[in-house]
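The values are calculated or read from the model by the stated rules, or taken from the named source; none is laboratory data. The model shown is predicted, which means the values in this text are computed figures rather than measured ones. Cβ sites come from the backbone with ideal geometry, for glycine too, and all protein chains shown count toward neighbours. With ligands, DNA and RNA removed, areas are computed over all heavy atoms of the protein, side chains included. Shrake-Rupley method; radii C 1.70, N 1.55, O 1.52, S 1.80 Å.
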Amino acid sequence: MNKLLDLLQKESVLLLDGAMGTELFARGLVSGGSPEEWNVTHPERVQDIHRAYVEAGSNIILTNSFGGTRYRLKLHNFQDRVVELNRAAAQNARAVADAAGRTVLVAGSMGPTGELLIPMGSMSYEECRDAFAEQARGLVEGGVDILWVETMSDLNEVKAAVEGARSVAPDIPICATMSYDTRGRTMMGVTGAQMVQELAGLGLTAVGANCGNNLIDTEAALAEMHAAAPDLILIAKANAGMPRYEGDKLIYDGTPEVMAAYADRVRRHGISLIGGCCGSGPAHIRMMRQVLDGVIPVPEVAPLTPQAAAPEAAGRTRERRVRRG
C-alpha cells in the first residue's frame with residue numbers, strides 16, 4: 001500500500017518538515033559531532049524536533065538519518081552501527097507521528113555517501129547500492145512509511161540508492177530529490193529535465209529538488225522537471241535563502257515570510273510536496289502551513305536573489321554536512 005498516494009488523494013498539497021541540522025545545533029550538537037548518534041544518546045531531543053514540525057503543520061517528517069550510510073558513519077567510527085542508528089532514527093520519528101492525532105507519514109532520509117563513483121572516485125556501483133540497502137534495512141525495521149533519497153548530485157548514485165532500497169523493501173514508496181547549485185544544475189551537471197527523464201523508469205512515487213544554492217535555481221530546476229514530465233508528483237524542499245556567517249553563527253536570509261511566499265509560488269506551479277531545507281525551522285513551516293491553508297494572505301516579498309557568500313558558507317556549510325538542513 002502506498003501511504004503517500006493515499007494521503008495525496010485526501011490532501012492536494014502535503015507539507016514536509018524543515019531542517020534537521022539547524023535544530024540539532026540549536027539543541028547542542030557540536031560541529032563534527034554525529035547527528036545519527038543522537039538518535040540513541042539524545043532521543044528526546046530528536047523527538048522534540050519532529051514534534052515541533054508536526055505541531056507547525058507538517059504532514060511528512062524526515063528521519064534524522066541523512067548521513068546514515070556506512071561511508072558517512074565511518075567518519076565517526078560508527079560504520080558497524082548502520083542498522084541500529086537508522087532503526088533508532090525511524091523509531092524516534094514514528095513515535096511522534098503516531099502520537100500526532102492525525103495522519104503524519106515518516107520518510108526515511110537517505111543522503112549521499114560523500115564518495116564518488118568509479119571512474120571519478122573509487123566506490124563501485126555495487127558497493128554504493130549495498131550501502132543504501134543496509135541503511136534502508138534499519139529504516140524499514142524502525143517503521144518508515146517512505147524511503148526518501150535526497151540531496152543527490154549524481155544520477156548513478158540516485159539509481160544505486162533506489163536499487164538498494166528496493167532490494168530491502170520492494171513495496172515501500174520511494175522518493176528522490178537532487179540538489180541544484182549552479183545555473184540550475186547539480187554539482188555533477190544534471191539538469192531538472194535530465195533527472196526526470198533518466199529516473200522515469202524507476203517507479204518512484206515522487207521526485208524533485210531540495211537544498212540547493214538559492215531559491216531561484218531550485219525553482220528553475222523544478223520548472224524544468226514539470227515541463228519535461230507534467231504528470232509527475234514533484235517535491236520542493238528548498239533552503240531558507242542563502243547562508244552567511246555572523247561571527248561564528250551561520251545565518252540564512254530566508255525569513256518565514258520569504259519561505260511562505262515560495263510555498264505559494266511552487267504550489268501554483270504544480271508542486272504537491274512542499275517543505276524547507278537548510279535554515280528552515282518550525283516558524284518557517286508554520287507560516288507556510290498558514291499560507292497554503294489560506295489562513296493568512298501570501299506575504300508580499302520578492303524571491304531572494306543569489307548573493308555573494310563566503311566560500312565556506314556557499315555549499316560547504318556545517319549544516320549541509322549534517323543533512324538536507
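Observations, loosely collected:
- Scope segment 207-240; condition touching a residue at least 60 places away in the same chain (Cβ under 8 Å), under 27 Å from Gly164 (Cβ atoms) and either among the β-branched types (Val, Ile, Thr) or not in a loop (DSSP other than H, G, I, E, B) (or both); matching residues: Gly208, Asn210, Cys211, Ile233, Ile235, Lys237
- Taking segment 1-43 as the range and being surrounded by 19 or more Cβ atoms within 10 Å (Cβ to Cβ), without any contact (Cβ under 8 Å) to a residue 60 or more places away in the chain and in a loop (DSSP other than H, G, I, E, B) as the test, the residues that pass are Ser34, Glu36.
- Tallying residues that are open to solvent by 10 Å² or more (accessible area, probe 1.4 Å) and either of a type in the set (Asp, Glu) or part of a helix (DSSP H, G or I) (or both) within segment 97-110 yields 1.
- Any chance Asn86 is in contact with a Gly (Cβ under 6 Å, 6 or more places away or on another chain), of a type in the set (S, T, N, Q) and farther than 28 Å from Thr182 by Cβ: yes
- Screening Leu204 on (1) touching a residue at least 40 places away in the same chain (Cβ under 8 Å); (2) buried (at least 16 other Cβ atoms within 10 Å of the Cβ); (3) in a helix (DSSP H, G or I) shows it passes everything except condition (3).
- Evaluating Glu127 against the criteria (1) open to solvent by 60 Å² or more (accessible area, probe 1.4 Å); (2) out of contact with any Asp or Glu (no Cβ under 9 Å at 6 or more places or on another chain) leaves one unmet condition, (2).
- The residues of segment 67-126 that are among the acidic types (Asp, Glu) and over 24 Å from Val13 (Cβ atoms), listed by number, are Asp80, Glu84, Glu115, Glu126.
- Evaluation of Tyr180 against (1) within 21 Å of Val106 (Cα to Cα); (2) in contact with a Gly (Cβ under 7 Å, 6 or more places away or on another chain) (one fails), failing number: (1)
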